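A short worksheet on the structure shown next.
Nothing in this text is a laboratory measurement; each read-out follows from the coordinates by a stated rule. Keep in mind that what you see is a predicted model, and the values were worked out from it rather than measured. Here the Cβ is made from the backbone with ideal geometry for all residues, glycine too, and neighbour counts use every protein chain on show.
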Amino acid sequence: MTRSVHELYAARITDQTRQLTAAVDGADTTTPVPGLDGWTLAHLLRHVGGAHRWAETVIRTRATAPVSDDQVNDVTPDKDDDLPGLTAWLLDGADQFAATLRSTPEDTPVWTVAPGGRPAFWARRMTYETVVHRFDATAAVGGTYTLDAETAADGIEEWLGFSTLPQAYASAEEQQALIAPDRTLHLHGTDAPSGAGEWLIDLSTTTMSWSHGHHKATTAVRGPLGALLLALYERGALYERSAPEGALQVFGDEALFTHWVHAAGDWLRR
């Protein structure tokens with residue numbers, strides 16, 4: 001029997017959160033997190049737990065307008081923070097989120113920060129918030145990070161959906177700078193079933209779009225799906241440092257890929 005969308009993401013969020021806490025077991029909460037300037041593991045755990053609770057509040061209260069995200073952004077550690085307490089709090093928040101998600105009808109209208117307007121938006125968003133920050137936590141402690149191909153492919157498609165929205169960019173000018181005739185990118189996941197892990201991104205018109213399939217492109221990027229996903233979140237260099245077998249191959253205009261990823265990911269840095 002096929003699982004519902006809510007059940008699928010509830011399971012992924014709790015699994016990814018458990019993997020995150022397992023990765024940092026025994027670590028010092030003051031350990032710096034690579035790539036997140038000034039953040040320690042305590043900051044990171046507070047941020048992920050706050051994000052879960054913020055999204056859970058949106059769904060549980062059936063919010064139709066923005067909900068304060070202070071708990072996502074105010075992540076200054078307390079002097080009494082310890083790893084067992086923070087990880088228990090993180091796991092509890094993930095379980096609360098999953099329980100609320102499972103008990104909420106899929107067609108329930110809720111406020112979302114981008115098109116969607118349903119709880120599944122938050123279910124998917126919190127899944128990949130956790131997936132990526134699990135990598136950050138794993139990198140901080142020098143651990144080994146793996147991600148199954150199906151989850152990685154879905155994360156890539158979520159990111160691609162955001163990349164076509166004007167609000168993902170710092171300005172209309174930033175988005176416009178990427179657009180040029182015959183400008184395309186092709187992503188190829190080498191560990192996906194035939195044809196299931198390939199995408200074409202069309203930057204030739206102001207209405208940016210993406211589609212499935214194998215096509216020639218201005219720039220082609222090839223490698224494991226997990227590595228592709230982390231590259232979209234600008235974690236590629238860190239990943240390759242710890243798992244060189246996951247390095248990506250870039251063919252054609254590599255600068256275009258770098259420019260596109262940074263510009264389309266502006267919303268992630270706000």
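Each of ARG222 and LEU165 was given a label point 7 Å from its Cα along the Cα-to-Cβ line. The distance between the two points is 3.3 nm. Dipole magnitude for region 207-253: about 80 debye, using +1 per Lys or Arg Cβ and -1 per Asp or Glu Cβ, origin at the Cα centre. Here the label points at PHE251 and GLN176, each 7 Å from Cα along the C-beta direction, are separated by 3.4 nm in the simple model. Highest mean packing comes first when the peptides 6-16, 225-235, 67-77 are listed by Cβ atoms within 10 Å, giving 225-235, 6-16, 67-77. Alpha-carbon geometry of the chain: the Rg and the Dmax are 18.5, 56 Å, given in that order. Seen against the Cα atoms of the chain and their longest principal axis, helix 254-264 is set at about 40 degrees.
Could you grab the Rg to Rh ratio for region 5-140? Cα atoms only, Kirkwood for Rh. Walk me through the numbers on the way to the answer.
Numbers: Rg = 14.6 Å, Rh = 15.0 Å.
Dividing the radius of gyration by the Kirkwood radius yields 0.97.
So, R0 is 22 Å and r is the distance between the beta-carbons of ARG241 and ASP25; what FRET efficiency does that work out to, to 0.05?
Working from the Cβ atoms, E equals 0.50.
When the helices of the chain are scored as -39500 (n - 2.57) per DSSP H run of n ≥ 4 and the total is divided over every residue, the value at 222 nm lands at -15500 deg cm²/dmol.
Were the residues from ASP148 through ASP82 laid out at 0.36 nm apart, the gain over their Cα-Cα distance would be 20.7 nm.
When both region 61-101 and region 162-202 are represented by their alpha-carbon centers, they are found 32 Å apart.
Ratio of Rg to Rh for region 199-258, alpha carbon only, Kirkwood? Before the final figure, lay out the partial values.
On the way: Rg = 12.3 Å, Rh = 12.5 Å.
Answer for region 199-258: 0.99.
Taking region 149-269, how much of its Cα-Cα pair set, in percent, is spaced more than 26 angstrom apart? Write down the numbers at each step before the final one.
Values: 903 of 7260 pairs.
Distances greater than 26 Å cover 12 percent of the Cα pairs.
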